[in-house]
Amino acid sequence: MAAPHAYDVELAAIKDAAAPSLSKLDVEDAVETTISVVSTQRGPNTRRIRREWYQFSTLCLCMWLGGWNDASLGPLLATIQEHYHINYTVVSTLFLFKCVGYIVGSFSNLWLTDRLGFGKSLVLGASLQAVAYAVQIPAPPFPVMMAMSWLTGLGMAIQHAQANSFIATGKEKETTHARMSMLHGFYGLGAVLSPFAATPFSRERHWSYINIISCGLSIAIALEMWHVFKGRRQHEVLRDNDALDQGSMATHSEEEPLEAGTGGKYRQVFRIRVVHYLAFVIVFYTGLEITIGGWIVTYLVDQRGGGASTGYVSSGFYGGLMVGRMILPPLSQKIGRRRVVFVYSAVAAAMDIVIWFVPSLIGDAVAASFMGMVLGPIYPLIMSGAGSGPWFPPHLVVGAIGWIAGFGQVGSATYPFIMGLLANKFGIRVLPPVALAMVAGIPALFLLALLDRQRPEQPLLSGVDSA
């Protein structure tokens, strides 16, 4: 015979204790109340859990598309140079124009959040990417390619800002880092798969047809985001989720309208020093990530004698990025979410030195994969910590995280462009020392953020440790 459940015993006790003094109706009311309380304690509403994971998986697809875009260009760089008869400097303007798009997207994100809201901004970003890919399908003149790189950067900046803000300001703070790591793990997954599609196209006459796949993916994801979020604002989405839990009293940061004068959101956000420190940490991080992912293939072909299949090394780097974001969060928690940023940066520097001084194609490819693995967790560590901690006023959290995520993507376009300029003048052999300088910039800027004394009584990153 099965043992009685704990709340069955509790109900029996209520009946026995109440029988001498209460009527049957009173006892039934007490029992119903107890059942309601116990049911609430037994766990959250399963409908709410399913809806939240459906929403989360949609944002993962959004980040997956970003990884697909960023990693698809690297294997095609040499083909684009040959098709348009241009040098390293000119082909690098693709990164530069994407950088301009990121900057415009970063500045416009606050305005879009207030005017359109979370859901519509996401769909707008994916739609802009779809238009950019569609125009690039027939391999138009190179100036048009540059303009479409700008449009792609604009769309990606909007989506990254909205997705990161949604996860970082979620209700369950204790799971924020895990969800942020998984979110950006899907970015890594997109970046892993993209070179497998781009490398075969790089050998074909119609190399630009890779954009047919990218355009189709963008349209599908835009439709999915509209279906899931229905164009609603972030606080409306969270409020509807909470409504599935009876009696929920949770509150969320709302997307308040821009205030006029000196108290406007832009001015308030930009007055917080740590916002800029963290934004430039992400600038260095994304710059390093895309510089290695974009130029490592060219480096190995030129310096290590790699062949056509070397393009898959880019997948190895992004594969390491994805694996690091998926499996290293427990280690990050154990070491300490702030201290581990310095540890990961040191290991990444060591792997870069291996690529620099070890003249082995296979050895350098393996080192690039390990470099991606230890770099991977840094981004979600920064974003989840900034969003879940008490650093920003509640009404500025969405704007601050959006700015950090959006402006941070500037690095993913600026530094690959600078790398192209340096490679054109000094040769691609300068990739490892340039990457080493960027690796050093991450812990240096992060240390400035930690030392910021604007609000010394509150930790920058929440976690179990204070080290």
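The values are calculated or read from the model by the stated rules, or taken from the named source; none is laboratory data. Just so it is clear, the model here is predicted, and its values are computed rather than measured. For neighbour counting, all protein chains shown are included, and Cβ atoms are generated from backbone atoms with ideal geometry for every residue, glycine included. Note: accessible area is taken over every heavy atom of the protein model, side chains too, but ligands, DNA and RNA are not part of it. Shrake-Rupley method; radii C 1.70, N 1.55, O 1.52, S 1.80 Å.
Around TRP226, what is the net charge, scoring Lys/Arg as +1 and Asp/Glu as -1 over all other residues with Cβ under 11 Å from its Cβ? Net of charged neighbours comes to +2.
If R₀ is 35 angstrom, what is the calculated FRET efficiency for the pair GLN81 and ALA346, using the beta carbon separation as r and rounding to 0.05?
Once rounded, the FRET efficiency stands at 0.50.
Protein-only accessible surface at a 1.4 angstrom probe places the residues MET182, MET322 in the order MET182, MET322, largest first. The convex hull drawn around the Cα atoms of region 79-217, when projected onto a plane and averaged over every direction, covers 9.1 nm².
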